[in-house]
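K.L.:
Here you go, one structure.
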Amino acid sequence: MKKTAIILGASGLTGGFILQKLIEDERYDTIKLFSRSKIEGLPDKVQQFIGDLLELNQFKTDFTADDVYCCIGTTAKKTPDKTLYKKIDFGIPVAAAKLSKENNIPTFLVISAMGANKNSTVFYNKTKGEMENSVLKQQIKNTYVLRPSLIGGDRQETRLLEKIGLVIFKVIQPLFIGKLKKYKIVNAETIAQAMIGLANTNYSEVIITSEHINKLGNNA
């Protein structure tokens, strides 16, 4: 049986790689995109549902699939309002997980962050940690939470501080051995490949750190 995938965040860096790979993946005959705007030039196997993702329940009838790839995320620069920031980084993934549970979708994958901690005093880390906690509470059969460190790749938008950080991290990459491996840069394409691999295998871990993302993505 061919599979159906849902992608949230297909216009982003990692979501874009997932979309490209699933289009070429013969295991999937239907890909559903839920987004604010249409992506042009996609093949017939891709169905697009356009609307406000902050009101994800409007898509409940169409939100059916085998696998959900949730790549939603914003930045403090793009979304300085903390209330809106939380609606995006917490609200959308949690709403997606709840819909997945309601519609009996067996596999849910979501990108979080290395420092995610619901008890953190850092707003970004706390938000990610609370998101993870709420997603895991849905008890979807196959749930995978990916915690990459810095994500490498060419973005359409300019993130100056992130670019500086990536340059520094690339220089010191050889020093990241042993317990420090989790701090290594993870390329967006590697994350995408790891997520697709996780969705199509019986992997025992739920929280996937950068070190394991790199292993899974590069060995796929």
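Every read-out reported here was derived from the displayed coordinates using simple, explicitly stated rules and does not represent laboratory data. Just so it is clear, the structure is predicted and the values come from calculations on it, not from any experiment. Glycine also receives a Cβ, built like all others from the backbone with ideal geometry; neighbour counts cover every protein chain displayed.
K.L.:
Give the peptides 1-10, 39-48, 210-219, 66-75 in descending order of average Cβ contacts within 10 Å, highest first.
P.N.:
66-75, 1-10, 210-219, 39-48
K.L.:
What's the FRET efficiency of ASN117 with GLN20 using the Cβ-Cβ distance as r and R₀ = 35 Å, to the nearest 0.05? The partial results should precede the final answer.
P.N.:
On the way: r = 32 Å, r/R0 = 0.92.
Once the sixth-power term is evaluated, E becomes 0.60.
K.L.:
I've got another one for you. Please compute the length gained on full extension between TYR124 and ARG36, using 0.36 nm multiplied by the number of residues separating them and subtracting their Cα-Cα distance.
P.N.:
Here the answer is 29.3 nm.
K.L.:
Give the label of the value calculated from the structure for Cα extents along the principal axes in Å, choosing from (i) 51, 45, 36; (ii) 75, 33, 30; (iii) 47, 39, 35.
P.N.:
The value matching this structure is (iii).
K.L.:
Which pairs break 21 Å Cα to Cα here: LYS78/LYS101; LYS3/LYS128; LYS32/LYS77; LYS86/LYS137; LYS78/LYS128; LYS45/LYS137?
P.N.:
As for pairs spanning more than 21 Å Cα to Cα, those are LYS78/LYS101; LYS3/LYS128; LYS32/LYS77; LYS45/LYS137.
K.L.:
Quick one: 3J(HN,Hα) in Hz for segment 6-13, Karplus 6.51/-1.76/1.60 with θ = phi - 60°, rounded, Gly and Pro as x.
P.N.:
10, 10, 10, x, 5, 8, x, 5
K.L.:
Something else now. What FRET efficiency comes out for LEU84 versus TYR203 if R0 is 35 angstrom and r is the Cβ-Cβ distance? Round to the nearest 0.05.
P.N.:
E between LEU84 and TYR203, to the nearest 0.05, is 0.55.
K.L.:
Right, next: Please give the net charge around LYS2, taking every other residue with its beta carbon less than 11 angstrom from that of LYS2, where Lys and Arg add +1 and Asp and Glu add -1.
P.N.:
Cβ neighbours under 11 Å give a net charge of -1.
K.L.:
Using a Gaussian network for the chain with springs between C-alpha atoms less than 10 Å apart, which of these wobbles most: PHE123, PHE90, PHE63?
P.N.:
The residue that fluctuates most here is PHE123.
K.L.:
Same structure, new question: For ASN219 and GLN58 in one chain, what is 0.36 nm times their gap in residues minus the Cα-Cα distance, to one decimal in nm?
P.N.:
54.1 nm is the gain from fully extending ASN219 to GLN58.
K.L.:
Another question, then. Using only Cα atoms, locate the centre of segment 113-134 and the centre of segment 13-36, then give the distance between them in Å, rounded to an integer.
P.N.:
27
K.L.:
Return the calculated 222 nm mean residue ellipticity for the chain, to the nearest 500 deg cm²/dmol, obtained by summing -39500 (n - 2.57) across DSSP H runs with n ≥ 4 and dividing by the residue count.
P.N.:
So the helix-based figure for the chain works out to -11000 deg cm²/dmol.
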